[in-house]
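**Student:** Here it is: the structure, laid out below.
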Amino acid sequence: MRELEVIKILQEELKFTDQSIDKLKMLETELLNANKKHNFIAKSTEDSIWSRHILDSAQLVKYINFKQGSLSDLGSGAGFPGLVLAIYNQNFNFHVKLYEKSPVKRDFLRDVKNNLNIKNITIENNVYEKEVLADVIVCRAFKKLDKIINISREIVKKPHKLIILKGKNAQSEINN
């Protein structure tokens, strides 16, 4: 799926604003530049960044109430899905936290936050360092399902919705 097809879906079906689309384009540019030095995303997925990373992350807006509360993205990496959701978020009272243990990736996330002027977002260290308070927990390519559920039960300190993006091995993890 090409960039323009994805943008059409983002705008028409998921209600991303023109301003959000512009920020996603800037995110793409920053990520591709950073990816030359660090392996934030697989080189093989650089040409499909809009469908493989951005749209995959953006689909979560259908399941999140952005009118109130907060969201935490565990293992944010290059910002998928949390950064995309923060770009979508238009509510000053809804806060997004990105948890990432890698200092290099945290620096990248801070640079993108500042360069794109994204409000209501904080970048945190490793998820294990302090208690997590969030209404929604999201993660993509973070850990195996059983580990995510344990973190959700033990570290997140209030009732929350857990949204996990998994790949082709998801069913075998569920079966285990």
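The values are calculated or read from the model by the stated rules, or taken from the named source; none is laboratory data. Remember, predicted model here, so these are calculated numbers, not experimental data. Cβ sites come from the backbone with ideal geometry, for glycine too, and all protein chains shown count toward neighbours. All accessible areas refer to the heavy atoms of the entire protein, side chains included, with ligands and DNA or RNA removed. Shrake-Rupley method; radii C 1.70, N 1.55, O 1.52, S 1.80 Å.
**Student:** Which condition breaks for residue 37 when tested against (1) in a helix (DSSP H, G or I); (2) surrounded by fewer than 20 Cβ atoms within 10 Å (Cβ to Cβ)?
**Tutor:** (1)
**Student:** Which of the residues that make up the range 133-154 are in contact with a Ser or Thr (Cβ under 8 Å, 6 or more places away or on another chain) and buried (at least 21 other Cβ atoms within 10 Å of the Cβ)?
**Tutor:** First pass over the range 133-154, keeping only residues in contact with a Ser or Thr (Cβ under 8 Å, 6 or more places away or on another chain): 133-138, 140.
Answer for the range 133-154, where residues must be in contact with a Ser or Thr (Cβ under 8 Å, 6 or more places away or on another chain) and buried (at least 21 other Cβ atoms within 10 Å of the Cβ): 134, 136, 137, 138, 140.
**Student:** Hey, any hits in the range 14-30 for a residue that's touching a helix residue (DSSP H, G or I) at 6+ places or on another chain (Cβ under 8 Å), open to solvent by less than 60 Å² (accessible area, probe 1.4 Å) and closer than 17 Å to residue 163 by Cβ?
**Tutor:** The answer is yes, given that some residue of the range 14-30 is touching a helix residue (DSSP H, G or I) at 6+ places or on another chain (Cβ under 8 Å), open to solvent by less than 60 Å² (accessible area, probe 1.4 Å) and closer than 17 Å to residue 163 by Cβ.
**Student:** Got a sec? Which of 108, 66 is open to solvent by 10 Å² or more (accessible area, probe 1.4 Å), in contact (Cβ under 8 Å) with a residue 40 or more places away in the chain and on the phi < 0 side of the Ramachandran plot?
**Tutor:** Working: 66 fails: in contact (Cβ under 8 Å) with a residue 40 or more places away in the chain.
Going through 108, 66 in turn, just one is open to solvent by 10 Å² or more (accessible area, probe 1.4 Å), in contact (Cβ under 8 Å) with a residue 40 or more places away in the chain and on the phi < 0 side of the Ramachandran plot: 108.
**Student:** Turning to a different aspect of this structure: Return the pair list, or none, for Cβ contacts closer than 9 Å from residues in the range 21-45 that are modelled with pLDDT of 95 or more to residues that are among the acidic types (Asp, Glu), at least 6 apart or on different chains.
**Tutor:** Matching pairs, first to second residue: 25/3; 28/3; 30/111; 31/46; 32/46; 34/111; 35/46.
**Student:** Identify the residue in the range 69-95 that is assigned to a loop (DSSP other than H, G, I, E, B) and open to solvent by 40 Å² or more (accessible area, probe 1.4 Å) and, among all such residues, is farthest from residue 24 (Cα to Cα). Reasoning before the result, please.
**Tutor:** Residues of the range 69-95 assigned to a loop (DSSP other than H, G, I, E, B): 69, 75-81, 89-94.
Now restrict to residues that are open to solvent by 40 Å² or more (accessible area, probe 1.4 Å): 90, 92-93.
On the way: 90: 14, 92: 19, 93: 22 Å.
That would be 93.
**Student:** For the range 139-146, does any single residue satisfy the condition of being in a strand (DSSP E or B) and under 23 Å from residue 38 (Cα atoms)? Explain how you work it out, then say what you get.
**Tutor:** Kept after step one, since they are in a strand (DSSP E or B), are these residues of the range 139-146: 139-140.
Among the residues that remain, those that are also under 23 Å from residue 38 (Cα atoms) are: 139-140.
Yes, because at least one residue in the range 139-146 is in a strand (DSSP E or B) and under 23 Å from residue 38 (Cα atoms).
**Student:** Looking at (1) in contact with a strand residue (DSSP E or B) (Cβ under 8 Å, 6 or more places away or on another chain); (2) not in a helix (DSSP H, G or I), can you tell me which one residue 57 breaks?
**Tutor:** Condition not satisfied by residue 57: (2).
**Student:** Can you tell which of 55, 98 is closer than 18 Å to residue 40 by Cα, of a type outside the set (Ser, Thr, Tyr) and crowded, with 24+ Cβ neighbours inside 10 Å? It would help to see each step written out before you state the result.
**Tutor:** On the way: 55 fails: crowded, with 24+ Cβ neighbours inside 10 Å.
Among 55, 98, only 98 is closer than 18 Å to residue 40 by Cα, of a type outside the set (Ser, Thr, Tyr) and crowded, with 24+ Cβ neighbours inside 10 Å.
**Student:** Shifting gears a bit: Just to be sure, is residue 108 of a type in the set (Phe, Trp, Tyr) and either in contact with a helix residue (DSSP H, G or I) (Cβ under 6 Å, 6 or more places away or on another chain) or closer than 26 Å to residue 46 by Cβ (or both)?
**Tutor:** So residue 108 passes the test.
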